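Undergrad: What follows is a single structure, and I will ask about it in a moment.
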Amino acid sequence: MTAGRGSAVTMPSRRYDVVVTGGGTAGIAAAVAAARTGARTLLIERYGFLGGMATAGMVGTICGLYLTRATGPPERLNGGLGAEIADRLARLAGSEPPLRRGRTFVLPYVPHELAALADDLTVAEPTLDVLLHGYVVGVGTNAGRVDGVRIATWEGPREVEAAAIVDASGDAIAALAAGAPTETPDVDARQLCSLVFTWQGVAVEALHGGASLAILRRVREAESTGALPSGSSDLSWRPSARPGEVVVKLALGALDVARHGSWLTAAEREGRRRVGAIGDFLRREVPAFAAAFVSHVASQVGVRESRRIVGRHCLTREDVLGGRRCDDGVARAAWPIELWREGTTGARYEYLADGDWYDVPLRCLQPTGIARLVAAGRCISGTSEALGSARVIGTCLATGEAAGREAARIAATP
């Protein structure tokens, strides 16, 4: 037994070539890519599993893997780890083939299976350590460059030296802690969060044709009369490949942030309240849901937009829709600009031309004002509209892989 007194002792420091903060899809790709170069790498994740929004947020489909085409089969944009993960997911139980959505495709997956696959990928790399239930609470700097991180764990605080850091936190947490310039849109200008949950016991056969739309209209009418809480009707669903299961996405507008004290607290509390109210209404009013129950709710709301770095280049709407290529492109992307805004139902999409794609330049991953730090995933440098395209999982995998390789290169440079 280890005795302890209230003040924790900092655990011994350890040095890594690359430290990756955030174990979402961008962080997984960054850590594995860095480790595969031979760099001694540490991946830090706050939850007890990897995957970020893809698992904790139960997104359920990988967007951004494929070119935009109104007809024809799916065509992948990038090779590398994104393609490797897609191929391995396809071999798992419960997998589904790419599913057409509008003018492009998405890849359905089971969140638990993706978390287990992330374990397999990371365990297989001998130079990669993973720390779960770890929180980055500080970043060390010296002479304008990062040189380590401070981590909170249940065992006590840790200090880790790092030759390079990848910020894959989704919220630019490492960049902010290092003093790099960042930007955070005001709450009313951010894209809406969503809460994903699943129903079991649904008579799925009764949802075919126009039946789903008719039920959603009843939900909207119930909200308009006050029978459901405000914000309950911005939902969509699709039956999964499993009998009786329906996966639901509820966009979270009309949040009373002042009442709850913070944006994410409001989203989490209001999301759970609305899920319960919608379930009660449908069981009572719609025969197809008479025996339905909520079996899973995402561990956290899905965040589409928060803090991001100010980079050497800011990705713009014109870059995206114009299919702009660049000499330092590190990832191809073609997902449409997808915007979820307050006061509108569902998303608004602006597609690239069929067969077109744009480059995400390395400069979008490089923050100004600090050296040896690279960003990946949702917190790269871009406008709100541009990140409406570049924030999706497929592109996060590609920018994460690029960030990991760049961080390994930096670490090997004196």
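The values are calculated or read from the model by the stated rules, or taken from the named source; none is laboratory data. All of these numbers come straight from a predicted model, not from anything done at the bench. Using ideal geometry, Cβ is built from the backbone for each residue, glycine included, and neighbour counts are taken over all protein chains shown.
Undergrad: For the stretch 218-244, give me each residue that is of a type in the set (D, E, K, R) and either at pLDDT below 95 or closer than 29 Å to Glu305 by Cβ (or both). Explain how you work it out, then say what you get.
TA: In the first step, residues of the stretch 218-244 are kept if they are of a type in the set (D, E, K, R); the result is 218, 220-221, 223, 234, 238, 242.
Selection gives Arg220, Glu223, Asp234, Arg238, Arg242.
Undergrad: Turning to a different aspect of this structure: Inspect all residues belonging to the stretch 125-143 and state whether any of them is of a type in the set (D, E, K, R) and in contact with an Asp or Glu (Cβ under 9 Å, 6 or more places away or on another chain). Show your work before the answer.
TA: If we filter the stretch 125-143 for residues that are of a type in the set (D, E, K, R), which is where we start, we get 125, 129.
The next check asks that each one be in contact with an Asp or Glu (Cβ under 9 Å, 6 or more places away or on another chain); those that pass are none.
Checked the stretch 125-143: no residue is of a type in the set (D, E, K, R) and in contact with an Asp or Glu (Cβ under 9 Å, 6 or more places away or on another chain).
Undergrad: Right, next: Could you list, ordered by first residue, the pairs with Cβ atoms under 8 Å in which the first is in the stretch 209-222 and more than 17 Å from Ala277 (Cβ to Cβ) and the second is surrounded by 15 or more Cβ atoms within 10 Å (Cβ to Cβ) and among the hydrophobic types (A, V, I, L, M, F, W, C), at least 6 apart or interchain?
TA: Ala211/Ala288; Ser212/Trp237
Undergrad: If Ile165 meets every condition in (1) closer than 22 Å to Ile410 by Cα; (2) over 22 Å from the mean Cα position of the chain (by Cα); (3) of a type in the set (A, V, I, L, M) apart from one, which number is that one?
TA: (2)
Undergrad: Do you know which residues across the stretch 193-225 are closer than 16 Å to Gly253 by Cα and not in a helix (DSSP H, G or I)? Quick ask: steps written out before the conclusion?
TA: Pass one, the stretch 193-225, residues closer than 16 Å to Gly253 by Cα: 193-196, 219-220, 223-224.
Residues satisfying the conditions are Cys193, Ser194, Leu195, Val196.
Undergrad: Hey, Trp335 hits all of (1) in contact with a Gly (Cβ under 6 Å, 6 or more places away or on another chain); (2) in the same structural domain as Ala375 (by TED's automatic domain parsing); (3) surrounded by fewer than 21 Cβ atoms within 10 Å (Cβ to Cβ) but one; which does it fall short on?
TA: If we test Trp335 against (1) in contact with a Gly (Cβ under 6 Å, 6 or more places away or on another chain); (2) in the same structural domain as Ala375 (by TED's automatic domain parsing); (3) surrounded by fewer than 21 Cβ atoms within 10 Å (Cβ to Cβ), just (3) comes out false.
Undergrad: So Asp171 clears everything in (1) outside any strand (DSSP E or B); (2) farther than 30 Å from Arg341 by Cβ; (3) of a type outside the set (Gly, Ala, Ser) except one condition, right? Which one?
TA: Result: Asp171 fails condition (2) only.
Undergrad: Taking the stretch 188-216 as the region of interest, how many residues are touching a strand residue (DSSP E or B) at 6+ places or on another chain (Cβ under 9 Å), closer than 29 Å to Glu385 by Cβ and either surrounded by fewer than 17 Cβ atoms within 10 Å (Cβ to Cβ) or among the aliphatic types (A, V, I, L, M) (or both)?
TA: 4
Undergrad: Give Thr368, Thr345 a once-over and let me know the one that is at pLDDT below 95 and surrounded by fewer than 18 Cβ atoms within 10 Å (Cβ to Cβ). Give the derivation first.
TA: Numbers: Thr368 fails: at pLDDT below 95.
Result: Thr345 is the single residue among Thr368, Thr345 that is at pLDDT below 95 and surrounded by fewer than 18 Cβ atoms within 10 Å (Cβ to Cβ).
Undergrad: Yes or no: Ser212 within 25 Å of Thr344 (Cα to Cα), in contact with a helix residue (DSSP H, G or I) (Cβ under 8 Å, 6 or more places away or on another chain) and of a type in the set (S, T, N, Q)?
TA: Working: within 25 Å of Thr344 (Cα to Cα): yes; in contact with a helix residue (DSSP H, G or I) (Cβ under 8 Å, 6 or more places away or on another chain): no; of a type in the set (S, T, N, Q): yes.
The answer is no for Ser212.
Undergrad: Mind telling me which of the residues Arg259, Arg272 ends up being at pLDDT below 95, surrounded by fewer than 16 Cβ atoms within 10 Å (Cβ to Cβ) and part of a helix (DSSP H, G or I)? Walk me through how you get there before you give the answer.
TA: Working: Arg272 fails: at pLDDT below 95.
Result of the check over Arg259, Arg272: Arg259.
Undergrad: Suppose we keep only residues that are within 17 Å of Arg101 (Cα to Cα) and touching a residue at least 40 places away in the same chain (Cβ under 8 Å) within the stretch 224-245. Which one would you say is surrounded by the fewest Cβ atoms within 10 Å (Cβ to Cβ)?
TA: Going residue by residue through the stretch 224-245, those that are within 17 Å of Arg101 (Cα to Cα) are 235-241.
Those still in the list that are touching a residue at least 40 places away in the same chain (Cβ under 8 Å) too: 235-236, 240-241.
On the way: Leu235: 21, Ser236: 15, Ser240: 17, Ala241: 10.
If we take residues in the stretch 224-245 being within 17 Å of Arg101 (Cα to Cα) and touching a residue at least 40 places away in the same chain (Cβ under 8 Å), then Ala241 is surrounded by the fewest Cβ atoms within 10 Å (Cβ to Cβ).
Undergrad: Next up: Take Thr399 and decide whether it is closer than 29 Å to Arg100 by Cβ, part of a helix (DSSP H, G or I) and out of contact with any Ser or Thr (no Cβ under 6 Å at 6 or more places or on another chain). Can you show your working first?
TA: Details: closer than 29 Å to Arg100 by Cβ: yes; part of a helix (DSSP H, G or I): yes; out of contact with any Ser or Thr (no Cβ under 6 Å at 6 or more places or on another chain): yes.
Spelling it out, Thr399 is indeed closer than 29 Å to Arg100 by Cβ, part of a helix (DSSP H, G or I) and out of contact with any Ser or Thr (no Cβ under 6 Å at 6 or more places or on another chain).
Undergrad: Tell me which of these Ala178 doesn't satisfy, since it passes every other one: (1) more than 27 Å from Gly388 (Cα to Cα); (2) assigned by TED's automatic domain parsing to the domain that holds Arg15.
TA: (1)
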